[in-house]
Amino acid sequence: MKIDLNWKITPDKESEYYLYNSQSTEVQNDLTDTLRLRFKDIEIKRNQYYYFTLEQRKPLKVKVFEDEKGLNKKYFIGINEVGKAPFYITATDSNTQQEYYFVSEGSSYDLESLPNSTYAFTVRDVNGHQAELHNIAINIPTTSLVSMAENWVLEGTKMLEIKPTYATASLDKQLKYEWYFQDKLISSSPRLFVNYSGAFALVVSDAQGKKEHFGFTVSGNLQKQSALESQWVVSPNPVNRGEEFTVTYSFDSPKKVDFYIYTIDGKFILRKELGTVESASYKYTLQGATTYLIIPIINSKASIQKLIVK
């Protein structure tokens, strides 16, 4: 015979509910009923005792949303709290079937590098949970209101002038500026003048409170940078997607290393504060097939190598 079971519980819209009987048969709740928790057509046998177990399961879910707090128009993919990082994101162009791959260490990821089109998204977390989205339109202006280069190089001991680029010439006078060096506020002028290397950041905001954050590095002259790069190596290069590669450091004395990975178009992938390093190797994997920038900041001096992932 068949029975229905109902609970006076309003189902959580974000959750799925499953009922198990003593024979471990699984029944999912009737998703059309939003006023009570309902299970339909449960098969049981006469003259037998049954007990039931109720499970509330929250699936991995994703959404694409537009950033309303930033000066530049941006789209992000957001992942609910069920997922565990890292997240492997595939965006498939619905018109050309071109696939783009990204890896996110956080629950949201900037989609600024995607060409304007309509996409289907697949997101998989480290535990293998998966979620999909279809027919998502991305429409980002070709020119940002405010942009900023990520790498600057000193010329000897000369002062280096650092400034953003604007879509309109008059925009610079309408904005507020906060320049940071290693999280310390050092200036509020539209331009920054420095003659030392390190990791910097600029926060730009308008009168309505909309903000843009730009991280960038200032490194020593090219001759010194080349000598620094000879003391660390990325191998193998190129590497296949999902295959392990090694970054090996061999310094003549201990040095502090802050390690970053970006895509070639400037998307943040990974940061590892390695601490003091003299002779050591670290292994990493990347899931997206593209070109990456491998950037260790060694004793506050940035060094860069490209890694191709096929």
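The values are calculated or read from the model by the stated rules, or taken from the named source; none is laboratory data. All values derive from a computational prediction rather than experimental measurement. Cβ atoms come from the backbone with ideal geometry, glycine included; neighbour counts cover every protein chain shown. Areas reflect the complete protein model, heavy atoms only, side chains present, ligands, DNA and RNA absent. Shrake-Rupley method; radii C 1.70, N 1.55, O 1.52, S 1.80 Å.
Against the set [x] 192; [y] 200; [z] 125, the structure's computed volume of the Cα convex hull per residue in Å³ falls on [y]. Computed with a 1.4 Å probe on the full set of protein chains, the accessible area for ASP67 sits at about 40 Å². Taking 22 Å as R0, compute the FRET efficiency from the Cβ-Cβ separation of LYS256 and ILE304 and round it to 0.05. Once the sixth-power term is evaluated, E becomes 0.80.
Rolling a 1.4 Å probe over the protein heavy atoms gives the chain an accessible area of 57 Å² per residue. Measuring with a 1.4 angstrom probe and ignoring ligands and nucleic acids, PHE76 comes out at about 40 Å² accessible.
Dividing the summed -39500 (n - 2.57) terms of all DSSP H runs of n ≥ 4 by the residue count of the chain sets its mean residue ellipticity at 222 nm at -500 deg cm²/dmol. For SER117, the residues whose modelled amide H falls within less than 5 Å of its own, excluding neighbours fewer than 5 places apart on the same chain, are ILE138.
Rolling a 1.4 Å probe over the protein chains gives LYS211 an accessible area of about 110 Å². A straight chain from ASP206 to LEU185 at 0.36 nm per residue would run longer than the Cα-Cα distance by 5.7 nm. With R₀ fixed at 35 Å, the C-beta to C-beta distance from SER107 to THR142 puts the FRET efficiency at about 0.75. The portion of the accessible surface of the chain made up by carbon and sulfur, rounded to a whole percent, is 47 (1.4 Å probe; DNA, RNA and ligands excluded).
Looking at the chain alone, DSSP beta bridges between its own residues are antiparallel in about 95 percent of cases.
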